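Below is one structure, written out as structure tokens, with a few remarks after it.
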Amino acid sequence: MTAQPPVETGPKTNWTLREMLLWATGYLEKKGSLSPRLDVELLLAHVLHVPRIQLYVQFERVLQASEKDQFRGVLTRRAQGEPIAYILGTKGFMSHTFAVNPHVLIPRSDTECLVEAVLQDHAAITTPLRILDAGTGSGCILLSLLKARPQDHGIGWDISPGALQVAQHNAQLLEIPTTQLALHLRDMSQAESWATETSVQILVSNPPYIAPEEESELSPSVRSYEPREALFAPDSGVFFYKKIQALAGNLLAPGAKVYLEMGHLQSGSVVEIFSTPAWCDTRLIPDLQGIPRVLATTYTGVPPR
């Protein structure tokens, strides 16, 4: 059984914010957190319903018993490895705040380079476009694009009903008009899914791409808490890239652009998959660490093999 933070034991009963910050940071550090101070600040701000900066303004504030109880609960969850985003219920992405829960992957900053590439490539195009996000999850990619391009129409697919509920909630939070977005329960590995739409000009996807044999390399928080169906893919992790290459031409307009996130060691394999007459102008886009993170390519209109 995980030990409870001793915030109500011993002779001391009045804990100031300063004291709690110092104690809880040391506690999470011992539990293996890579960012213990940040975690504690986020959790305390969440419990107290204040911006993080206010923690420093109120250093000498004495925590109430109910606040200590709530903080003890979320701190214990974090000490057990639960991702901070699931505890808070939100995650920032592309300057927006998205609701998240264990039905969806937590948005990563690496994925922002995919959104930025789409926006840069289409900055001069003001006519409405149809965007398909295959495996939309929280909707962070698709909804960020629709916020930046309100003239476009977005279509989001996911195999998880729970994920679609999160995406729908985020669309409401971001005030995306219902006329601008359609969310569907679809399995991107099935040919019939790709026969349900026509004339899509932009396809984006962050598909599952971790090989099952690489599971042990993941952090415990990812391995134990994030949805497996959004993480793992057979065929050394490239299963869904092969499916997209073979099936996406059924709904793409000639000249449509495709943007796919991939693992840090997969660029060679994914480029090879798309090295057919159906695709041209293929390029790799690096993330902030300079690692090839996104494959961008153009559909020529030649039926995929």
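Does I125 meet the test of being more than 20 Å from D287 (Cα to Cα), among the hydrophobic types (A, V, I, L, M, F, W, C) and outside any helix (DSSP H, G or I)? In short, yes.
If you go through region 10-35 and keep only what is free of Cβ contacts under 8 Å to residues at least 12 places away in the same chain and surrounded by 15 or more Cβ atoms within 10 Å (Cβ to Cβ), you end up with E19, E29. Of the helices (runs of 4 or more DSSP H) contained entirely in region 191-305, those carrying at least 1 residues that are at pLDDT below 95 and assigned by TED's automatic domain parsing to the domain that holds G156 fall at 220-225. One residue alone among G156, G139 is touching a Ser or Thr at 6+ places or on another chain (Cβ under 7 Å) and either crowded, with 24+ Cβ neighbours inside 10 Å or assigned by TED's automatic domain parsing to the domain that holds E226 (or both), and that residue is G156.
The values are calculated or read from the model by the stated rules, or taken from the named source; none is laboratory data. For clarity, every value in this text was computed on a predicted model and none was experimentally measured. Cβ: placed from backbone, ideal geometry, glycine included. Neighbour counts: every protein chain shown.
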